[in-house]
Amino acid sequence: MAALLPIPVAPPAQFFLLPQGSYGISYDISTRRTEDDLPDGWHAHRSNTYRQIIDILAIAAFTRDQYSDYRAVGVSALVTWQTMWQLRNIQPPMKLQSTILGLKMQFYHFAHLFNITQDMQLGGAGAPTLLGPVPANLVLQAPLHGNLAPAPVPLAAAPNPLPVHTRPSQNAGNAITWMR
């Protein structure tokens, strides 16, 4: 195993003033730079890159919050900073450095106050009723679907025209696959 690359940049002074808490790391990696054939990319599956990143984050107690957002509770800003720099150690050398589009850390001091996920979901405060046809399984799988009023029912006929940006398909033309 290759030696770990040293951290080349000291954290900003304010890091040492931040308390232990909930910190996040978000990354954005170029799919094109990863998957395109040489000389434009690595001609590799992106899953290999993601697996290495996820493993490093997991070792540092970061768990997946969203697609490429990871969070750790009860850690310091310094540990988060060090963990971000550890990501440079994925293989092959320079893979991350040549494909990274964004790498950020966040401090979630009041994260619970600003999470409106449930309010935004079907059945939440922002979506108490269906305003148009919705794919049936998306309604039935919504965590708060029981709060929808009136209770959603399958459509008698498929919507015509289909909702904007919905591509025609055999299922899209079947009334039972829609609810309102």
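Summary of values
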item	result
All positions within region 51-75 that are of a type in the set (D, E, K, R) and either part of a loop (DSSP other than H, G, I, E, B) or modelled with pLDDT under 95 (or both)	Asp65
Residue within region 96-103 that is modelled with pLDDT of 90 or more, in contact with a Lys or Arg (Cβ under 8 Å, 6 or more places away or on another chain), hydroxyl-bearing (Ser, Thr, Tyr) and farther than 30 Å from Met179 by Cβ present	yes
Flag if Leu103 is surrounded by 14 or more Cβ atoms within 10 Å (Cβ to Cβ), on the phi < 0 side of the Ramachandran plot and of a type outside the set (D, E, K, R)	yes
From Leu122, Leu155, residue being touching a Pro at 6+ places or on another chain (Cβ under 7 Å) and either modelled with pLDDT of 90 or more or within 30 Å of Thr31 (Cβ to Cβ) (or both)	Leu155
Subset of region 18-50 [in a helix (DSSP H, G or I) and under 19 Å from Ala72 (Cβ atoms)]	Tyr50
Residue within region 119-130 that is under 30 Å from Ala58 (Cα atoms) and loosely packed, with under 15 Cβ neighbours inside 10 Å present	yes
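The values are calculated or read from the model by the stated rules, or taken from the named source; none is laboratory data. Quantities reported herein were computed from a predicted structural model and do not represent experimental measurements. Positions of Cβ are backbone-derived with ideal geometry, glycine not excepted, and every protein chain shown enters the neighbour counts.
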